[in-house]
Amino acid sequence: MNALLFPVFVSARRLCGNFSIRLPQRLLFVAAASALLGGCAFTPPPREAPPSPPPLPVAVEKHQFSVAGDESVVGQLASVETRDGDTLSDIARHYGLGFQELTTANPGVDPWVPEAGRRLVLPLQFTLPDAPRKGMVVNLATMRLYHFPPKAAEGAVSTYPVGIGKEGRSTPTGYMTVVRKTEFPTWYPTENIRKDHALKGDPLPAAVSPGPDNPLGDFAMYLSRPQYLIHGTNKPYSIGFRASNGCIRLYPEDIAAVFPQVKTGAAVRIVNQPYLVGRKGGQVYLEAHEPYEELNQARLKAELTARLKRLEKKEGIALDWPKVEQVLSEARGIPVPIQANSPAASAVVAQATELRRPAAWFGRPELPAEDAGGWLVKAAATREELSARRVAAVLNHQGPPIPARAVKAGDGFEVLAGPFKDGKAAKTAAKRLKIDLELDAEVRPPTDSMRVAGAKPPAQAGR
């Protein structure tokens, strides 16, 4: 099966914007991937809704909509205020968004250490892809799956963020069907995947049983194109990345919701549409995403221009062409009205509905107590506190998570992972840091461990 056990590598600009980290260069390209929330019998709880009264209807929070007639833009933009300790990974998952969706909609925001008090735009408005509204439709460009239930009310659609194939092992486009469904699947890695792992010093067995080490998660839908699946994941924070070897993965809570609704034989259409033209309330909208490297951007823009000109002529409307160029240039993934005299893109964002913060972010990794004692692992060292905090946040969103904190050390800062219960667990974490992130970690026994800033040493027996 095409699934990935290792972190995803993306451009430094997408991961950290223009923020510099004086650490091993490859760490700039690490995308967070987290552990499975439980074992193979785990049923993920529903995503926590904002406190009552909710500023948005429940249907928007769950991304379940009813689309009337020829309309194709659903949902509405929202915003939430950031606080110290937030990460865009946690916020994205809570609101049913992918990492790239949220970071692209908020250019200039540090995804791992966002500035406290910042108004973060939540792109909770979506343009349906240009495809038949039947079964499941996956748009690779937006990293979203749209499900049109066969027996639901006409126009019903639910949408979920996904992770897709990395560059060089892209998820294929075209028409497929679901040929088999399995709960708690066994993963059979392909020979190429096993070779990749062996070269990194992490050999894989021929079969991986259900459980926290299985990258398929708890549910898998096998497609008519061999070796491609729609499945869960033991790395929730890889959703919204080009992360896999071609399969389509969903958050554990999302695959649990859609799996029972999809029947064997259901249609699956996979498209790659970075420029989406939609309609809502009599307005024409344009939603733009940066095309992937394998697409011809110039050709896509020419085709879009021709389409919009035909629309102008056929319907006798005037479009705001400078705004069209602005939307394409910014590529924030936000639907913007493009007819003449329509609101500016900045006004559309400014009018986003402000949400109340939840009591806690759904699925956020929890750190052990600072004075828990145990073995530690020095993962990295840097002179800048912000860089250390950023790296610690990345480690906390690995799969399985590696609990880590930024700690003052001399004239600089260290990233300390742990505490771990014993030396074996600490050495396992250090090995993962080397294999996954190319970090030369240092294992520290309890007696030699540098304590986390502000922590008290464990009490000594007989004192």
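Numbers at a glance
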| quantity | calculated |
| --- | --- |
| Pro150 being in contact (Cβ under 8 Å) with a residue 40 or more places away in the chain and more than 30 Å from Glu294 (Cβ to Cβ) | yes |
| Meets criteria (under 15 Å from the mean Cα position of the chain (by Cα), more than 25 Å from Met176 (Cα to Cα) and open to solvent by less than 30 Å² (accessible area, probe 1.4 Å)) for Tyr237 | yes |
| Selected residue [at pLDDT below 95 and surrounded by fewer than 14 Cβ atoms within 10 Å (Cβ to Cβ)] from Pro215, Pro226 | Pro226 |
| Residue match in region 164-175 (condition: in contact (Cβ under 8 Å) with a residue 24 or more places away in the chain, closer than 22 Å to His397 by Cβ and charged (D, E, K, R)) | yes |
| For Val271: the one exception among (1) buried (at least 17 other Cβ atoms within 10 Å of the Cβ); (2) among the aliphatic types (A, V, I, L, M); (3) touching a Ser or Thr at 6+ places or on another chain (Cβ under 7 Å) | (1) |
| Conditions (1) under 30 Å from Gly211 (Cα atoms); (2) crowded, with 17+ Cβ neighbours inside 10 Å; (3) at pLDDT below 95; number of the one not met by Ala369 | (2) |
| Restricting region 201-212 to residues that are more than 22 Å from the chain's Cα centre (by Cα) and of a type in the set (Gly, Ala, Ser), the residue that is surrounded by the most Cβ atoms within 10 Å (Cβ to Cβ) | Ser209 |
| Asp440 vs. criteria at pLDDT 55 or above, open to solvent by 60 Å² or more (accessible area, probe 1.4 Å), under 13 Å from Gly373 (Cα atoms) and outside any helix (DSSP H, G or I) | no |
| Test result for Ala59, open to solvent by 60 Å² or more (accessible area, probe 1.4 Å), more than 30 Å from Lys434 (Cβ to Cβ), out of contact with any Asp or Glu (no Cβ under 8 Å at 6 or more places or on another chain) and modelled with pLDDT under 95 | no |
| Matching residues, region 106-135, being outside any loop (DSSP other than H, G, I, E, B) and surrounded by fewer than 24 Cβ atoms within 10 Å (Cβ to Cβ) | Arg119, Leu120, Val121, Gln125, Gly135 |
| Pair list, Cβ < 8 Å and 6+ apart or interchain, from region 67-96 residues that are on the phi > 0 side of the Ramachandran plot to residues that are open to solvent by 10 Å² or more (accessible area, probe 1.4 Å) and part of a loop (DSSP other than H, G, I, E, B) | Gly96/Arg47 |
| Residue that is farthest from the chain's Cα centre (by Cα) [pool: residues in region 155-183 that are surrounded by fewer than 14 Cβ atoms within 10 Å (Cβ to Cβ) and at pLDDT below 95] | Gly168 |
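The values are calculated or read from the model by the stated rules, or taken from the named source; none is laboratory data. It should be emphasised that the depicted structure is a prediction, and the values quoted were computed from it without experimental measurement. With ideal geometry, Cβ positions are generated from the backbone for all residues, glycine too; neighbour counts draw on all protein chains shown. These accessible areas exclude ligands, DNA and RNA; they are computed on the full protein's heavy atoms, side chains included. Shrake-Rupley method; radii C 1.70, N 1.55, O 1.52, S 1.80 Å.
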